[in-house]
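This report refers to the structure that appears directly beneath it.
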Amino acid sequence: MSHLILATNGLAAGTLRQAGMMNVVLGFCLRFVWGRLPSEEQLVMGLEPRSAKHCNIGDHWLDDVQKCQLKGFGTRDIGFFELCEKFDSIEVWVDPQPNDQLVLVWLLNLLRPYKEITTKLSLVHTDDAVAGYQPESVVEWKLPAFKVADSHLTLASRAWRAWRAPTPEPWFDLLAKDLTILPRLRSAVITMLAELPDVQSGLGENEMGMLGWIEDEGTEPREVLRAVEYREVFDELEAGELLRALAQGPAPAIIELGEVPLDTSEEARPYPFRGGRIALTELGRAIMAGEEDFSRHSSIHRWWGGTELTNERLWRWDPKSRSLVAP
């Protein structure tokens, strides 16, 4: 019997591979919580057998995989569907973080038409990030594997369409549905809604968390980014972009002490500061006090799933009533 593990992130795949739990272990390094979503065509192209279309590093789903990791089941040029067909069973290991939940619903939606693959597919839901543990510890977990049913595929397709929608309403509507068959999805839905601009501050939960991490005498930028680590939504690069946005515009919420000019060069991403401590501006302190709205002072333009957020079309989240506020 041949077995394949598909992990919802590359770090988890590395740990599971070291644990030697299956013939082949592969992970997806896709990021869906930040930036404009790739088109469905782009995503499918990345899974096709390697061709002239995959001209850049990262275009093909196996670009970061060594040939030895495939253990005779194919070359680094093989397509995703072709590889899946070679195995008798496939487990999808799913970390609980929001991006992992989005990778899960994308994958199940992708595989929904392929009955020859979904009939041998099982889900393993973890309680914590696999990569945070030693491989020998993960081997002892003995987590249950749940066979994928049509109900999993139907819910996943609905959730993936909701995340890609041009407004947050379909994603919010998921809260009225029974999501228990994908046990970490409800938490992910709520967490991502909290990343919409707040009705009072105009900032998402992680942005407010970073402002709240800054001490009166100033704080090192990398220390401020630690506030994002605890919420487990964005990676370091994405958190740096959030911090960068808070320091830009005619009325920034943060500034480097000594008023050192912001380094806006591409090389400075995601750390636009020149090494000094950062502090709250007057606006930043007013935001933390609940007296100001960042969106009234700075330009907003970012993506939340399929929703393009701008000052003119700024969907907001009201955490007290747990409701959406339309532009």
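The values are calculated or read from the model by the stated rules, or taken from the named source; none is laboratory data. As the structure is a computational prediction, the values presented were derived from the model and not from experiment. In this analysis, Cβ positions are derived from the backbone assuming ideal geometry, glycine residues included, and neighbour counts consider all displayed protein chains. Each accessible area value is taken on the protein alone, full model and side chains, heavy atoms only, with ligands, DNA and RNA left out. Shrake-Rupley method; radii C 1.70, N 1.55, O 1.52, S 1.80 Å.
Annotations for the structure displayed:
- Some residue of region 243-256 being open to solvent by 50 Å² or more (accessible area, probe 1.4 Å) and over 15 Å from Ser295 (Cα atoms): yes
- With respect to being open to solvent by less than 10 Å² (accessible area, probe 1.4 Å) and either touching a Leu at 6+ places or on another chain (Cβ under 8 Å) or among the aliphatic types (A, V, I, L, M) (or both), Leu11 falls outside the description.
- Considering region 277-312, and only residues there that are without any contact (Cβ under 8 Å) to a residue 40 or more places away in the chain and surrounded by fewer than 16 Cβ atoms within 10 Å (Cβ to Cβ), the residue that is farthest from Glu207 (Cα to Cα) turns out to be Glu312.
- From the options Gly212, Gly218, residue that is within 22 Å of Arg277 (Cα to Cα), surrounded by fewer than 22 Cβ atoms within 10 Å (Cβ to Cβ) and in contact with a helix residue (DSSP H, G or I) (Cβ under 7 Å, 6 or more places away or on another chain): Gly212
- In region 101-123, the residues that are open to solvent by 10 Å² or more (accessible area, probe 1.4 Å) and under 21 Å from Trp163 (Cα atoms): Asn109, Leu110, Arg112, Pro113
- Any hit, region 196-218, residues being modelled with pLDDT under 95 and within 13 Å of the chain's Cα centre (by Cα): no
- Residues that are of a type outside the set (A, V, I, L, M), over 25 Å from Arg36 (Cα atoms) and either free of Cβ contacts under 8 Å to residues at least 24 places away in the same chain or open to solvent by 20 Å² or more (accessible area, probe 1.4 Å) (or both), drawn from region 137-181: Ser137, Glu140, Trp141, Lys142, Pro144, Phe146, Lys147, Asp150, Ser151, Lys177, Asp178, Thr180
- If only residues of region 84-96 that are touching a helix residue (DSSP H, G or I) at 6+ places or on another chain (Cβ under 8 Å) and either among the aliphatic types (A, V, I, L, M) or under 23 Å from Ala131 (Cα atoms) (or both) are counted, the one that is most open to solvent (accessible area, probe 1.4 Å) is Pro96.
- Scanning region 16-29 for residues that are over 18 Å from Thr126 (Cβ atoms) and surrounded by fewer than 19 Cβ atoms within 10 Å (Cβ to Cβ) yields one hit, Asn23.
- In the set (1) within 17 Å of Glu241 (Cα to Cα); (2) of a type in the set (Lys, Arg); (3) crowded, with 18+ Cβ neighbours inside 10 Å, the condition left unmet by Arg184 is number (1).
- Filter pass, Ala129 being within 23 Å of Thr15 (Cβ to Cβ), open to solvent by 10 Å² or more (accessible area, probe 1.4 Å), among the small types (Gly, Ala, Ser) and in contact with a helix residue (DSSP H, G or I) (Cβ under 8 Å, 6 or more places away or on another chain): yes
- Restricting Asn9, Asn23 to those that are within 18 Å of the chain's Cα centre (by Cα) and among the polar types (S, T, N, Q) reduces the list to Asn9.
- Residue match in region 66-77 (condition: within 30 Å of Thr310 (Cβ to Cβ) and either touching a Gly at 6+ places or on another chain (Cβ under 8 Å) or surrounded by 14 or more Cβ atoms within 10 Å (Cβ to Cβ) (or both)): no
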